[in-house]
Amino acid sequence: MTLRARVTLLVVAVTCATVLAFGSVVLGTFERQLWAQLETVLTSDLERVALLLEQPTLGASFGGPASAGVTLEFVAADGAVVLAWGDGGALPSVDRPTPIERDGRRYLVAQVPWIAVDGWVRMAHDVTVPAASVASVRWIVLATGLTVVLVAAALALAGAGRILGPLSDVARQTRDLDPAVPAGVTYRGPRDEVFELTTSLNGALGAIRERRERERAFLLEVAHELAAPLTLVDYHLDRLRRRDQDDDRLRAASDAARELLRTSQDLLALARGELQRELTYEVLDLGDVIGRVADEYPGVRTDFEGRAEVFGDPERLKQAIRNLVRNAVQASGGTDGVRVVLTRSDARHVLRVHDVGRGMPPETVQRAFEHGFSGAAGVGVGLSVAKDIIERHGGSVRVAASSAAGTTMEAFLPDVDSHLTAEEDVRVVVSTMAGDAVD
């Protein structure tokens, strides 16, 4: 439930409670005053009749009730009705003014002593109409309360939308932030709690940006410091390896140096922001790119037939595929058992890289392509770089399967026809792997 809905419901609940309490007080007060007035009138009439009976010498005369709806009875000591006016029937004995119902009508009955005969004088007023007015007032109060609640709900909904609008705008801007470079959010409103929240959020985002810049600068410096000596080490180890091709130790050292060099190159690409630069698109054969990567890892088997033309940057795609293959080689402890399979599915080329490692735990599968996340080995760069490159080519990559028998990575890339249909205003270079290009 949204905050706007909760605020509206709270206002409606408070309004309902207030209206209920106020309506109960108003209705109760009205009903008490009405019955008090009816009892006063009835008691006054009874006292007048009793006074005429006790003081007949006053010269006043009594000819019975003149108004309709009034019943008067003179009751002897034995309970017999001596004289009665009206057609209400025999009245019950009551201690105080009491409402009764008879023949679908309501009466208010009271009695006073008839001292001369030790009996009672009883009188009843027809109060059907006044009693009905109580029900009418009850419905009026209910309708008024319901109207007030509906108006309050509408005003609360509109007011909550107006009040929470700036907060919703801040939330929208926060959702649209670039995780790589989280810029600040803009708040347009009074200096209230939302302003304080926005200020705190911008402060936190600024600290994140500064930390990312420091990390980027440090990463760039480290990558530079590593690249130069690793290039030299790789060069000399490669020369020694060519002289003595049977030395397994030289081969292992050369492979390790080359892997470190490629890792440093990935770090440089991330630090410089090269992955976000414009790509130089060419029509190329994905199989040729895979073949060149496989040549760097003797023992890796490839399985594909025919041309698999895609529209992309050959160097970046080679970097992405190399990182996938390198991850498989590291997981397998060597190139034995690593396979790269290229197939086609509809308008996409599917690249599968299989390894024979121990598999990934579920939490690693979910985070395998996150920047900075590392499993059993590595620095958490290669797979994230591969993901960025493939997604910039309109594709996707995932961990298709992982078990104790190994892991399979799947990369999907659109074929050249579908990519050209989707792209507009791009620089097209028709190229062959031999290097001839036509703009």
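Numerical summary
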| read-out | value |
| --- | --- |
| Alpha-carbon centroid distance for the pair the stretch 218-240 / the stretch 105-123, whole angstrom | 119 Å |
| Fraction of beta bridges assigned by DSSP in the chain that are antiparallel (%, nearest 5) | 95 percent |
| Relative pair counts by distance (%), Cα atoms of the stretch 179-277, 5 Å bins | 2, 12, 14, 13, 10, 10, 8, 7, 6, 5, 4, 3, 2, 2, 1, 0 |
| Sorted by Cβ density within 10 Å, fewest first, the residues Leu342, Leu383 | Leu342, Leu383 |
| Approximate shape of the stretch 113-183 as ellipsoid semi-axes (Cα gyration tensor, √5λ), whole Å, largest first | 70, 12, 6 |
| Part-to-part distance (alpha-carbon centres) for the stretch 1-28 and the stretch 290-347, which is given in Å | 67 Å |
| Residue of Gln55, Gln173, Gln366 that the Gaussian network model of the chain assigns the largest fluctuation, springs spanning Cα pairs under 10 Å | Gln55 |
| GNM result for the chain, Cα springs below 10 Å: residue of Gly203, Gly165, Gly306 fluctuating most strongly | Gly306 |
| Backbone HN-Hα couplings from phi across the stretch 103-117 [Karplus 6.51/-1.76/1.60, Hz, Gly and Pro as x] | 6, x, 10, 10, 10, 10, 10, 8, 8, 10, x, 9, 5, 4, 10 |
| Stretch in the chain that is longest and holds no GluC sites (Glu not before Pro) that DSSP places in a loop and that have at most 10 other beta carbons within 10 Å | 1-277 |
| Rg over Rh [alpha-carbon atoms, Kirkwood Rh] for the chain | 1.52 |
| Cα-based helix-to-principal-axis angle, 248-272 vs the chain, degrees rounded to 10 | 50 degrees |
| Amide H contacts of Arg348 (H built 1.01 Å from N, under 5 Å, at least 5 apart or other chain) | Asp415 |
| Taking all pairs of distinct alpha-carbon atoms in the stretch 76-128, Kirkwood radius in angstrom | 11.7 Å |
| Relative contact order [Cα under 8 Å, 6+ residues apart], the chain, whole percent | 10 percent |
| In degrees, nearest ten, helix 3-54 long axis to first principal axis of the chain (Cα) | 0 degrees |
| Using θ = phi - 60° and Karplus 6.51 cos²θ - 1.76 cosθ + 1.60, couplings along the stretch 308-321 (whole Hz; Gly, Pro as x) | 10, 7, 10, 10, x, 8, x, 5, 5, 5, 4, 4, 5, 5 |
| Amide proton proximity set for Arg106, modelled H, under 5 Å, gap of 5+ | Val127, Thr128 |
| Degrees separating the helix 193-243 axis from the principal Cα axis of the chain, which is the longest one | 20 degrees |
| Packing-based exposure ordering (other Cβ within 10 Å, fewest first) of Val81, Val194 | Val81, Val194 |
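Every number here is computed from the coordinates shown, using simple stated rules; none is lab data. Quick caveat, the model's predicted, so the values are computed rather than measured. Positions of Cβ are backbone-derived with ideal geometry, glycine not excepted, and every protein chain shown enters the neighbour counts.
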